[in-house]
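The values are calculated or read from the model by the stated rules, or taken from the named source; none is laboratory data. Since this is a predicted model, take the numbers as computed values, not measurements. Virtual Cβ from ideal backbone geometry, glycine too; neighbours counted across all protein chains shown.
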Amino acid sequence: QVQLVESGGGLVKPGGSLRLSCEASGFTFKDYYMTWIRQAPGKSLEWLAYISSSGSPIYYRDSVKGRFTISRDNAKNSLFLLMNNLRVEDTAIYYCARESSSSWGRFDPWGQGTLVTVSS
Amino acid sequence: QSALTQPPSASGSLGQSVTISCTGTTSDIGGYNYVSWYQQHPGKAPQLIIYEVTKRPSGVPARFSGSKSANTASLTVSGLQADDEADYYCSSYAVNNNFVFGTGTKVTVL
């Protein structure tokens, strides 16, 4: 079945870096856009970035531009999010989700999420 | 990129209906027919239940329906069941290739 599995979360100090991974299975990964979305504890969802099926174009929300980098390896069915200069307010569960290439905002399915905690 | 506005909570009795609103602007909901709704049970990842305002993914019951008028989208859950108790989030495509989510609504089944 279609499945997304995130990994790479953990505890990091402010100013530190972390690289999240999302391994896809059960569908033709290279045919789909992919996206990263996060959810701070007890808060709503926040879209972060998406990447087209080929790797370009890429779009980010303003608050993470220049700090976060989304990328993908279609040969390895994997999506990545490199996060630099992390801030306390980046603490959240980070989800990857598949995005339809023929529709906007159709995020389905989502992975189980990986927790990133930024604290000194 | 301000969040879409949803009521914090909504409730309905078993078998009854509940409607959740999601208010945005002409830069998101009002400008595009790309409104989605997600259901999230505690400790779980969100699940898509409505996309493109009114469409349901396969496997989602017809009890879930969506609509839009001007800058406000709505989700109606009919025939409420105990398992419908969850958090619900709307989202919309927005100008300049952005996406915005709603503030979330906790639905309680009485």
Exercise. If you go through region A:76-96 one residue at a time, do you hit one that is among the charged types (D, E, K, R), in contact (Cβ under 8 Å) with a residue 12 or more places away in the chain, crowded, with 17+ Cβ neighbours inside 10 Å and not in a strand (DSSP E or B)?
Worked result: yes
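Find the residue count for region A:1-21, including only residues that are away from every other protein chain (no Cβ under 12 Å), part of a strand (DSSP E or B) and within 15 Å of the chain's Cα centre (by Cα).
Taking region A:1-21 and keeping what is away from every other protein chain (no Cβ under 12 Å), we get A:7-21.
Still in the running and part of a strand (DSSP E or B): A:7, A:10-12, A:18-21.
In the following step, the residues that additionally are within 15 Å of the chain's Cα centre (by Cα) were identified as A:7, A:10, A:18-21.
Residues in region A:1-21 being away from every other protein chain (no Cβ under 12 Å), part of a strand (DSSP E or B) and within 15 Å of the chain's Cα centre (by Cα): 6 in total.
Could you list all residues from region B:1-11 that are part of a strand (DSSP E or B) and either buried (at least 19 other Cβ atoms within 10 Å of the Cβ) or modelled with pLDDT under 95 (or both)? Let's see the steps before the verdict.
Going through region B:1-11, the residues part of a strand (DSSP E or B) turn out to be B:4-5, B:9-11.
Within region B:1-11, B:L4 is the sole residue that qualifies.
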For this session: Only residues that are part of a strand (DSSP E or B) and within 12 Å of chain B (Cβ to nearest Cβ): list them for region A:23-45, please.
Result: A:Y33, A:T35, A:W36, A:I37, A:R38, A:Q39, A:L45
Problem set entry | Any pair with Cβ under 8 angstrom, 6 or more apart, that starts in region A:28-52 at a residue that is over 17 Å from B:S91 (Cα atoms) and ends at one that is surrounded by fewer than 17 Cβ atoms within 10 Å (Cβ to Cβ) and β-branched (V, I, T) | A:I51/A:I58; A:S52/A:I58
Seminar exercise, completed: Subset of region A:82-105, residues under 17 Å from A:L11 (Cβ atoms) and more than 14 Å from chain B (Cβ to nearest Cβ), comes to A:M83, A:N84, A:N85, A:L86, A:R87, A:V88, A:E89, A:D90, A:T91
Problem set entry | Considering residues of region B:66-88 that are within 18 Å of B:S13 (Cα to Cα) and polar (S, T, N, Q) only, the residue surrounded by the fewest Cβ atoms within 10 Å (Cβ to Cβ) | B:Q81
Problem set entry | Whichever residue in region B:26-55 is surrounded by fewer than 17 Cβ atoms within 10 Å (Cβ to Cβ) and more than 18 Å from B:T76 (Cβ to Cβ) and, among such residues, is nearest to the other protein chains (Cβ to nearest Cβ) | B:K44
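Here's the yes/no breakdown for (1) closer than 28 Å to B:G43 by Cβ; (2) among the basic types (K, R):
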position	(1), (2)
A:A40	yes, no
A:S53	no, no
A:R61	yes, yes
A:N74	no, no
A:L81	yes, no
A:N84	no, no
A:F107	yes, no
Exercise. Among (1) in a loop (DSSP other than H, G, I, E, B); (2) more than 24 Å from A:Y95 (Cα to Cα), which single condition is B:S74 missing?
Worked result: (1)
